[in-house]
Amino acid sequence: MKTVFKLMVFLGVCSACSNPLVEENIVKQAFEFADVQLRKAIRDVDSLSDMALGKNGNANLVSPRTINEDGSLLLVPSRDWTSGFFPGELWYMYEYTGDDFWKEEARRFTARIEDQKRNGGTHDMGFKMYCSFGNGYRLTKDCAYRDILLKSAATLVTRYKPVVGCIRSWDHNQDKWQCPVIIDNMLNLELLYWAFKESGDSLYYQVATKHAYTTMRNHFRKDYSSYHVVDYDTITGMVLHKHTHQGWNHESSWARGQAWGLYGYTMCYRETGIKDFLLQAEHIANYIFKVANMPEDLISYWDMKAPVIPNEPRDASAAAVMACALYELSMHSSDKSAEYKKWADKIICSLISGYRAQLGGDYGFLLLHSTGARNFERDVPLVYADYYFLEALLKKIDAK
Ligand code: GLY
């Protein structure tokens, strides 16, 4: 009861985030909120998986993704691109609290997706395995996790196309694209950089770095906004199409795509020290926060060129990813550090004061108001918004 009361005060005062005293407690109180929510999420997921098992015998639904239009909880199988985020959130809870309850739950949910280490049918390996097993290995040094991650990285590089200089993203829609590479793929490179450091095999470094350079050349417009999908000819490696599949239209600025680019190049700079990547991240940040159509609270519209702004849904997931990138950038950039941190702090403050889920409700999701794509998951909670929200809170501690 005491915790609930403290949380209600926290949620009430968050509109005054600029107050330094409030600021100091933001991370602590946000994790207390997450503690209540994620315990509920575990209960809800467990009871729904039991029901699914009872009905279908072998439902293989492993973790939550969103709330369906009919108000039910959507659980996904391990092959879904979002399956690693819930275990990742549980690892972040363990990292912050040191409480073994979270370690055990994180282990339990992480184990459910091990089969994905052999799934070479998608580029989403990093999202699935690095967010779950990667955080688990970082925090426990469990050798079994290391082996699973190395196998995952070996599987991911099988999708590298030397003639293109990129890892192929999707295998679907083959009538439309030959070798589609999406901007989201930048985040999967982190697993490869990890595998290079861990195994000493420079192939991982070379593939990741080549992919980042090819993407830098072909995905970005002059103003540093990015396309979502670049399609390449598998024989010549030439660019065939530049599309924006999940955004408003091909020439629009799908918000999460801009966020993946921002965080992707920030991460690539962290892992390589290559200045081109730092400059690219800074240009993208400049586009997002100074050129694009960004609302006052810095929680982007789902597409920055959506047709009826301001009457368009926001995307809290894009904002959470942007906050992660900005906290890191603030530690790398020499002259714009304070500005990046200010933007990140503003995003965190806005998410807490205007986008959080109901305490003890919403199936234990942390944030509302995310948007998956033009045609689905509009203005809903999404598990990856919550994952990157917790990651941003942890980065906020380091970015002080
Ligand atoms: N990687 C898929 C998405 O951002 O929706």
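Residues in region 366-382 include at least one that is away from the ligand (no atom under 16 Å from the Cβ) and either more than 17 Å from the chain's Cα centre (by Cα) or more than 20 Å from Glu271 (Cα to Cα) (or both). The condition of being within 16 Å of the ligand (Cβ to nearest atom), open to solvent by 30 Å² or more (accessible area, probe 1.4 Å), closer than 27 Å to Leu150 by Cβ and not basic (Lys, Arg) holds for only one of Asp201, Asp171, Asp184, that being Asp171.
Residues checked against (1) modelled with pLDDT of 95 or more; (2) in a helix (DSSP H, G or I); (3) more than 28 Å from Asp398 (Cα to Cα):
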{"site": "Leu7", "(1), (2), (3)": "no, yes, no"}
{"site": "Val13", "(1), (2), (3)": "no, yes, no"}
{"site": "Val22", "(1), (2), (3)": "no, yes, no"}
{"site": "Lys40", "(1), (2), (3)": "yes, yes, yes"}
{"site": "Ser49", "(1), (2), (3)": "no, yes, yes"}
{"site": "Leu53", "(1), (2), (3)": "no, yes, yes"}
{"site": "Leu61", "(1), (2), (3)": "no, no, yes"}
{"site": "Thr82", "(1), (2), (3)": "yes, no, no"}
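Scanning region 208-225 for residues that are buried (at least 19 other Cβ atoms within 10 Å of the Cβ), more than 24 Å from Asn293 (Cβ to Cβ) and in contact (Cβ under 8 Å) with a residue 60 or more places away in the chain yields Ala208, Thr209, Ala212.
Taking every residue in region 333-348 that is of a type in the set (Phe, Trp, Tyr) and pairing it with any residue that is crowded, with 17+ Cβ neighbours inside 10 Å, at least 6 positions away or on another chain, the pairs with Cβ-Cβ distances below 7 Å are Tyr340/Ala285; Tyr340/Leu326; Tyr340/Leu329; Tyr340/Ser330; Tyr340/Ser333; Trp343/Phe289; Trp343/Leu298; Trp343/Leu326. When Lys346 is tested against (1) among the charged types (D, E, K, R); (2) in contact with a Phe, Trp or Tyr (Cβ under 7 Å, 6 or more places away or on another chain); (3) away from the ligand (no atom under 16 Å from the Cβ), just one condition goes unmet, and that condition is (2). Is it the case, given these coordinates, that Ile288 is in contact with a His (Cβ under 8 Å, 6 or more places away or on another chain), surrounded by 24 or more Cβ atoms within 10 Å (Cβ to Cβ) and on the phi < 0 side of the Ramachandran plot? No, not satisfied. For region 226-250, taking the residues that are open to solvent by less than 10 Å² (accessible area, probe 1.4 Å) and within 16 Å of the ligand (Cβ to nearest atom), the one that is farthest from Asn173 (Cα to Cα) is identified as Ser226. A residue that is assigned to a helix (DSSP H, G or I) and under 30 Å from Tyr287 (Cβ atoms) occurs somewhere in region 135-155.
Specify which of the listed residues (Glu282, Glu271, Glu312) is out of contact with any Asp or Glu (no Cβ under 9 Å at 6 or more places or on another chain) and either among the aromatic types (Phe, Trp, Tyr) or surrounded by fewer than 24 Cβ atoms within 10 Å (Cβ to Cβ) (or both). Reasoning before the result, please.
Details: Glu271 fails: out of contact with any Asp or Glu (no Cβ under 9 Å at 6 or more places or on another chain); Glu312 fails: out of contact with any Asp or Glu (no Cβ under 9 Å at 6 or more places or on another chain).
Sole residue among the options that is out of contact with any Asp or Glu (no Cβ under 9 Å at 6 or more places or on another chain) and either among the aromatic types (Phe, Trp, Tyr) or surrounded by fewer than 24 Cβ atoms within 10 Å (Cβ to Cβ) (or both): Glu282.
Only a single criterion out of (1) touching a residue at least 60 places away in the same chain (Cβ under 8 Å); (2) assigned to a loop (DSSP other than H, G, I, E, B); (3) among the aliphatic types (A, V, I, L, M); (4) open to solvent by 10 Å² or more (accessible area, probe 1.4 Å) is not satisfied by Ile397, namely (2).
The values are calculated or read from the model by the stated rules, or taken from the named source; none is laboratory data. What you see is a predicted model; the values in this text were computed from it and never measured. All Cβ positions, even for glycine, are placed from backbone atoms using ideal geometry, and neighbour counts span all protein chains on display. Remember, those area values only see protein heavy atoms, side chains included, never the ligands or the DNA or RNA. Shrake-Rupley method; radii C 1.70, N 1.55, O 1.52, S 1.80 Å.
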